[in-house]
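Report on the structure given below.
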Amino acid sequence: MADVADSTVASGARKVRLRFAIITMAAVIAMLVTASLGRWQLRRAAEKEAYQTHFDARVAMPALDGHSLLVPLALSAQEELLHRQVVLQGEWLPQHTVYLDNRQMQGRPGFYVLTPLRLAGPTGPVGSNLPQTVLVQRGWVPRNFENRAALPTVQTPSGRVQVQGRIASQPARLLELQTPANASGVSQIRQNLDTASFSREIGVPLAALTVVETGAASDGLARDWPVVGSGVEKHYGYAFQWFGLCSLIAILYVWFQIVQSVRRRRRHPSPATGG
């Protein structure tokens with residue numbers, strides 16, 4: 001009978017140790033994962049802060065002339081121009097205006113309105129096919145929900161205009177399902193727009209970079225563009241949550257697996273300890 005009792009006690013002890021090992025491993029893995037996610041959120045916040053500093057420095061530089069966008073530029077040179085202020089002078093090509101659908105401003109759905117601007121001033125050599133036109137992201141307008149195909153009213157001044165803005169790359173893309181309705185050239189309403197493809201479609205050479213028009217609302221367009229590099233506070237908040245969860249796991253592990261175990265042994269000492 002003593003052998004059976006000893007065997008039962010040993011078996012129970014092995015089960016306790018196995019459960020302790022499993023719980024310990026699970027707790028360690030969970031703490032490593034949550035701590036890693038917290039550090040990743042801190043890195044994302046640092047990247048956005050660095051990008052915001054870089055953006056602010058570019059914006060503070062003197063404004064460029066629009067013709068600096070027309071010369072052929074390598075990718076590295078294009079990146080050096082991004083976010084710089086620029087002043088354009090030229091004439092709108094309203095017949096080529098497009099509306100990018102499902103864009104939001106201040107939480108409201110609508111369109112981004114894009115119109116090519118043919119720059120005034122000296123042109124390139126005859127036959128050079130160098131672009132003289134820049135695609136301008138002019139602003140945002142709400143859409144008509146009763147008639148989704150209806151285009152909102154946008155005023156496009158004729159004659160020479162002056163446009164102030166900042167240099168940007170391609171318009172931001174959204175997830176798109178290719179259908180006949182959004183095929184190239186079918187409608188002024190598009191889901192996305194690629195400058196090179198659009199240039200071939202309208203037969204007008206366009207600069208590789210675009211311009212986001214800034215300033216107060218005008219021509220029926222709002223220009224409360226999303227802030228570049230925003231969302232740092234969100235990343236810090238997520239980091240706090242992940243580190244808090246990591247700490248909670250550690251506290252619960254210590255309490256239930258160590259403190260409670262010690263208290264149970266003190267209340268119910270085993271015969272081997274002489275209790």
With all distinct Cα pairs included, what does the Kirkwood hydrodynamic radius of the chain come out to in Å, to one decimal, could you say? 24.0
Tell me, what is the FRET efficiency for Thr53 and Arg266 to the nearest 0.05, using R0 = 41 angstrom and their Cβ-Cβ distance as r? 0.10
Explain nothing, just compute: Karplus ³J(HN,Hα) = 6.51 cos²θ - 1.76 cosθ + 1.60, θ = phi - 60°, for every residue of region 39-44 in order, whole Hz, x for Gly and Pro. 5, 5, 5, 5, 5, 4
Tell me the accessible surface of Glu80 in square angstrom (1.4 angstrom probe, heavy atoms of protein chains only), to the nearest ten. 120
Contact order normalised by residue count of the chain, Cα under 8 Å, 6+ apart, percent: 25
With charges only on Cβ, +1 for K and R and -1 for D and E, what is the dipole size of the chain about its Cα centre, in debye, rounded to 20? 1640
Note to self: with every protein chain in place and a 1.4 Å probe, the chain gives an accessible area per residue in Å² of 61
Please state the shape class of region 54-93: rounded when a/c is under 1.5, otherwise prolate if a/b exceeds b/c and oblate if not, all from the C-alpha gyration tensor. oblate
In percent, what relative contact order does region 10-143 have, based on Cα pairs under 8 Å that are 6 or more apart in sequence? 18
Choice from Ala21, Ala239, Ala172 with maximal GNM fluctuation in the chain (Cα, 10 Å cutoff): Ala21
Can you put Tyr238, Tyr112 in order of accessible area, largest first, using a 1.4 Å probe? Tyr238, Tyr112
Probe 1.4 Å, all chains present, heavy atoms only: Ile251 accessible area in Å², nearest 10, is 110
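The values are calculated or read from the model by the stated rules, or taken from the named source; none is laboratory data. The model shown is predicted, which means the values in this text are computed figures rather than measured ones. Note that each Cβ is placed from the backbone with ideal geometry, even for glycine, and that neighbours are counted across all protein chains shown. SASA here: full protein model, heavy atoms, side chains in, ligands and nucleic acids out. Shrake-Rupley method; radii C 1.70, N 1.55, O 1.52, S 1.80 Å.
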